[in-house]
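Below you'll find the structure, written out as structure tokens, and then a few comments.
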Amino acid sequence: MATKSGEGFSSSFGAIMAAAGSAVGLGNIWRFPYICGKYGGGAFLLVYICFVFFIGMILMMSEFVIGRRSGEDPMKAYPKLRPDRPGWRFVGLAGLLTCFLILAIYLVISGWTLNYFWESLTGTLAEIADSDFGTHFNAFASSAFRPVLFIALFLALTTLVIIGGVEKGIERVSKLLMPILVVLLLVLCVRSLTLDGASAGIAYLFQPDFSKLTGEGILAALGQALFSLSVGMGVMIVYGSYLPVDDNILKTSVWITVCDFAIAVLSGIAIFPAVFACGQDPTGGPGLVYQVLPVVFNSLGGIGRIFSIVFFLLLSLAALTSAISLLEALTQWLSNEKNGRTKSAVLMSLLVVVLAVAASFSFGDGIWSSFKVGGMQLFDLLDKLTGTILPPVCALLTVLFFGWFMKKEDIIDELSNHGTVKVGYFKVFYYFLVRFVAPAALLIVLISGLIN
Ligand code: PFF
């Protein structure tokens, strides 16, 4: 219980479940498979693995250290660790702003997912002809009322968990949902792998095709690694402030990273063999999950309906534990002696829902689709900002602070739990990565991305 409010996770297991809950989300199940397919399958996977373990995991450890050492929200954490450099608080602020924007767009996509869960449950999806799923998705996502209804429902659920508190809300829900999620995903993998023609999907996902791995693909791999691990925006600083004092940060970060990576790969295994077995287009892009997968489910007959329900339930639950972490970061920041947890959570929800609804209205042929900022519809702008630009910028500033401004003794003391855990040669390797490799890689990828 590191924070001033006395809130925290009750055990390392609870902390791992909550942080893995944040990491595992739409990024793993909805985004990873189509991006991986787009940029060369196995070749993308190799680059992605390097970014996940050498940059993403390193950032996660760093954020946990900053959070637990300071026991503060991201905005107060930096100046607390370097009181002589108060300007660093703006890095915390930038992270929180990024969380706000991610949450807005996350709510829109989570709302779609919840609607598809509902439509699987009620049988609506089962009645749609294969050729009509594209039209169905566009008509739904561009309509005014229905997406907003599901956004509101999803946000209400998220807010309720936050009001429940860190241990009784976030930790409890994550401990319950994460194992369910793994079981559901494994069921889908087994079904997908046993379909006739499944091997083509596995080949598509794992066979390296280096000709498709462009500079843009490398950038996408980095953006995806950061987004998927929930690092760079300060969420792991928040969860770090709730870590038990005796939690082994190195071990915890390795577990969460492995879990997040495994779930992304398993999602690919659940999706691509089925897509190939049913003769669908694997390059369906962002629409893959909403326009292509329902066709796959319908072609499986009666059992397909059950798989459809299971899949959209899985996606909704994964999205929920991620949205919880985003709202928690904003709530922790707003809470103080005067504004309690409940008031802060409700206030933040009301603010973010305004942006989410505006983004929903601007999507596709929505009622605000003609409103453009910098030539882009609001939804697309938010997607670009939160998917490619802001996370690497915040991540770069975080590693710079960590590697060059935070005291090395503080870092080692925190990683080794005040000398009780052996960190040995790892600390040399880690320090090298955090000081040189991570900032250089982030800078190169960012600059090439901005030039693009
Ligand atoms: N990691 C989540 C996912 O893969 O869907 C998304 C996310 C959650 C990003 C929390 C950033 C964050 F701070």
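The values are calculated or read from the model by the stated rules, or taken from the named source; none is laboratory data. Nothing here was measured: the structure is a model prediction, and the numbers come from that model. We place every Cβ from the backbone using ideal geometry, glycine too, and count neighbours over all the protein chains shown. Accessible surface areas use protein heavy atoms only, side chains included; no ligands, DNA or RNA. Shrake-Rupley method; radii C 1.70, N 1.55, O 1.52, S 1.80 Å.
Here are the numbers for this structure:
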| quantity | calculated |
| --- | --- |
| Which numbered condition THR98 misses (of (1) touching a Pro at 6+ places or on another chain (Cβ under 9 Å); (2) open to solvent by 40 Å² or more (accessible area, probe 1.4 Å)) | (2) |
| ILE389, sole failed condition from (1) surrounded by 22 or more Cβ atoms within 10 Å (Cβ to Cβ); (2) within 22 Å of LEU107 (Cβ to Cβ) | (1) |
| Test for GLY111: is it farther than 15 Å from VAL357 by Cα and modelled with pLDDT of 95 or more | no |
| Selected residue (only one of SER143, SER192, SER211 is more than 14 Å from SER22 (Cβ to Cβ), out of contact with any Ser or Thr (no Cβ under 6 Å at 6 or more places or on another chain) and outside any helix (DSSP H, G or I)) | SER143 |
| Any hit, the range 310-328, residues being in contact with a helix residue (DSSP H, G or I) (Cβ under 7 Å, 6 or more places away or on another chain), of a type in the set (D, E, K, R), open to solvent by less than 10 Å² (accessible area, probe 1.4 Å) and closer than 30 Å to PHE426 by Cα | no |
| Helices (runs of 4 or more DSSP H) wholly inside the range 51-122 that include at least 2 residues being without any contact (Cβ under 8 Å) to a residue 40 or more places away in the chain and among the aromatic types (Phe, Trp, Tyr) | 89-122 |
| From the options ILE447, ILE411, residue that is in a helix (DSSP H, G or I) and open to solvent by 30 Å² or more (accessible area, probe 1.4 Å) | ILE447 |
| Any pair with Cβ under 9 angstrom, 6 or more apart, that starts in the range 18-30 at a residue that is farther than 16 Å from SER174 by Cβ and ends at one that is open to solvent by 10 Å² or more (accessible area, probe 1.4 Å) and near the ligand (Cβ under 6 Å from one of its atoms) | GLY27/PHE227; GLY27/SER230 |
| Hey, ILE269 farther than 27 Å from ASN115 by Cα and either touching a Ser or Thr at 6+ places or on another chain (Cβ under 7 Å) or among the aliphatic types (A, V, I, L, M) (or both) or not | no |
